Amino acid sequence: MSLQERCEERVRELGLPTQGQLTIAALCEHLSRHLGKRIRLLPLPLPQGSPDGLWVHTPDEDVVLFESRQAPIHQRHVIMHELGHLICDHDTAPVMTPEASRLLLPSLNPALVQRILGRDHTHSEAELEAEQVGDLLSTYVNSWALQQEWAVPPELVDLANRLSALESPRSHLKEK
């Protein structure tokens, strides 16, 4: 089966409603019901040089982080791409050992660090598949319903603040 056929089959299996009828939020709600796991979107000013989006997989939910300063059409593309990774359940390539992860990032589960940082962000099969699935998902989203502003859900504010501090650590330090 070709990459195109495989991607079309994955999207077909989602049982999405008529193309062009969903908002991004409604798409995420549908995917949450279909996959049996909450999917949340988290807009952040990501550090300079980092990817424009990330998919964070946890046992309780999946979170798609995306650059909050991008144009809405670019945000949409990034969100669809990251949802593509989620739908395809892509694994990661090794970036550091669990021991190194515990030393450098002691408050995070090493498996979570691996899942986030280990994905190959090149033209790998997984990236091409995520891009293709994301493009197919986009056909179900109403292009006139682009969200101009995104609110950070209250329960993710702490995470958003910690991740935003990575962009400019000095600006988030409290003076003594």
Along Cα→Cβ, 7 Å out, is where each label goes; now give me the distance between the ones at residue 68 and residue 25 in nm to one decimal.
1.7 nm
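Count neighbours as other Cβ atoms within 10 Å of each site's Cβ, and list the GluC sites (Glu not before Pro) in the stretch 1-82 that are DSSP loop with at most 10 such neighbours. Intermediate results must be reported in sequence, preceding the final value.
Values: sites: 5, 8, 9, 13, 29, 61, 67, 82; in loops: 13.
Loop-located and lightly packed - 13.
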If the chain between residue 2 and residue 135 were fully stretched, how many nm would it gain, using 0.36 nm times the residue separation less the Cα-Cα distance?
46.3 nm
Would you mind ranking 150, 55 by Cβ crowding within 10 Å, fewest neighbours first?
150, 55
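Rule-based calculations on the coordinates, nothing more; no lab input. This is a predicted model, so every value here is computed, not measured. Every residue, glycine among them, receives a Cβ derived from its backbone with ideal geometry; neighbour counts consider all protein chains shown.
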